[in-house]
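Note sheet for the following structure.
The values are calculated or read from the model by the stated rules, or taken from the named source; none is laboratory data. Just so it is clear, the model here is predicted, and its values are computed rather than measured. Ideal geometry is used to build each Cβ from the backbone, glycine not excepted, and the neighbour counts take in all protein chains shown.
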Amino acid sequence: MTQDTNSLLQALAHGDASVRLRAAMAAGTTPDPGLVEPLVERCAIEPEFFVRDMLTWALIRQPADLTVPRLLVQLRSERAQARSQALHTLSKIGDPRAWPSITRELLTDADDEVARAAWRTAVALVPEGEESGLAAVLAGQLGRGGRETQLSLSRALVALGEVIQPALRAAKEAAEPGVRAHAIATERLLRDPEAGFAFAIEEAKRVVALGGAGREE
């Protein structure tokens, strides 16, 4: 390990976030295979979003043959941030070899940030012909979480296109009103991607309250 590399590793763990940010930028500016492991490890514990974003950029600059296998290991970590950041970075790399590791377990992870990252990554990597199966798994999460989580799920489903219609129709018949409302709102976003989610979900709740979920066309 060179002195420069050692100094950069120390900077990545510095108490000042601005120092860590500059270190991550330097790591991406001059890619070094020896930095892949420490960059991945730092992603799992870095508290600042803007530094994590730069760490992801630095990893994207490295050869995928080195980064992807290491990131896939992180998907099995007990630390939620390790899983979510690995998923986020994999979605940016876009390597199809990661698809088999985007499991149902990750897509239904109890941690909302992990699940949201898994949804985005799955939509980015899903192979042709497997969209319907993914849509069914994602639709099983309808009604989950707060507004931001629901919006993330709706965006992921809408990105799959018309293939989500059967899953949405089934969800509109669910016993849980929140699931029905989320399905209706997602359907409206599919029709009009420019529509605001907040408006769509409130309208959908009114439809459900009036008993009209099953009659939405």
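Let's see how each residue does on (1) assigned to a helix (DSSP H, G or I); (2) among the β-branched types (Val, Ile, Thr); (3) over 13 Å from the mean Cα position of the chain (by Cα); (4) under 11 Å from Glu41 (Cα atoms):
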residue	(1), (2), (3), (4)
Ala58	yes, no, yes, no
Leu66	yes, no, yes, no
Leu71	yes, no, yes, yes
Ala82	yes, no, no, yes
His88	yes, no, no, no
Checklist line | The lone exception for Ala174 - which of (1) over 23 Å from Val36 (Cα atoms); (2) in a helix (DSSP H, G or I); (3) in contact with a helix residue (DSSP H, G or I) (Cβ under 9 Å, 6 or more places away or on another chain) it fails | finding: (2)
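With respect to Leu134, determine if the residue is surrounded by 16 or more Cβ atoms within 10 Å (Cβ to Cβ), in contact with a Phe, Trp or Tyr (Cβ under 7 Å, 6 or more places away or on another chain), assigned to a helix (DSSP H, G or I) and of a type outside the set (S, T, N, Q). Reasoning before the result, please.
Working: surrounded by 16 or more Cβ atoms within 10 Å (Cβ to Cβ): yes; in contact with a Phe, Trp or Tyr (Cβ under 7 Å, 6 or more places away or on another chain): no; assigned to a helix (DSSP H, G or I): yes; of a type outside the set (S, T, N, Q): yes.
Spelling it out, it is not the case that Leu134 is surrounded by 16 or more Cβ atoms within 10 Å (Cβ to Cβ), in contact with a Phe, Trp or Tyr (Cβ under 7 Å, 6 or more places away or on another chain), assigned to a helix (DSSP H, G or I) and of a type outside the set (S, T, N, Q).
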Margin query: For the structure I just gave you, tell me whether Arg180 is touching a residue at least 12 places away in the same chain (Cβ under 8 Å), part of a helix (DSSP H, G or I) and buried (at least 19 other Cβ atoms within 10 Å of the Cβ).
Written below: yes
Item checked: Sole exception among (1) over 19 Å from Lys205 (Cβ atoms); (2) surrounded by fewer than 17 Cβ atoms within 10 Å (Cβ to Cβ); (3) of a type in the set (Asp, Glu) for Glu148, by number -> (1)
Next item on the list: Please specify each residue of segment 7-23 satisfying the condition of being in a helix (DSSP H, G or I), small (Gly, Ala, Ser) and over 17 Å from Val40 (Cβ atoms).
Entry: Ser7, Ala17, Ser18
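Could you please let me know if Val36 is under 26 Å from Pro96 (Cα atoms) and in contact (Cβ under 8 Å) with a residue 40 or more places away in the chain? First the steps, then the outcome.
Numbers: under 26 Å from Pro96 (Cα atoms): yes; in contact (Cβ under 8 Å) with a residue 40 or more places away in the chain: no.
Criteria not met by Val36.
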Note to self: For a quick check of your reading of the model, give me the residue pairs whose first member lies in segment 60-71 and is within 11 Å of Asp95 (Cα to Cα) and modelled with pLDDT of 95 or more, whose second is outside any loop (DSSP other than H, G, I, E, B) and of a type in the set (Gly, Ala, Ser), with beta-carbon atoms closer than 7 Å and at least 6 apart or on different chains.
What the structure shows: Val68/Ala98
Item checked: Among residues of segment 185-200, those that are part of a helix (DSSP H, G or I) and modelled with pLDDT of 75 or more, counted -> 7
Next item on the list: State the number of residues belonging to segment 177-198 that are touching a helix residue (DSSP H, G or I) at 6+ places or on another chain (Cβ under 9 Å), more than 11 Å from Ser154 (Cβ to Cβ) and not small (Gly, Ala, Ser).
Entry: 4
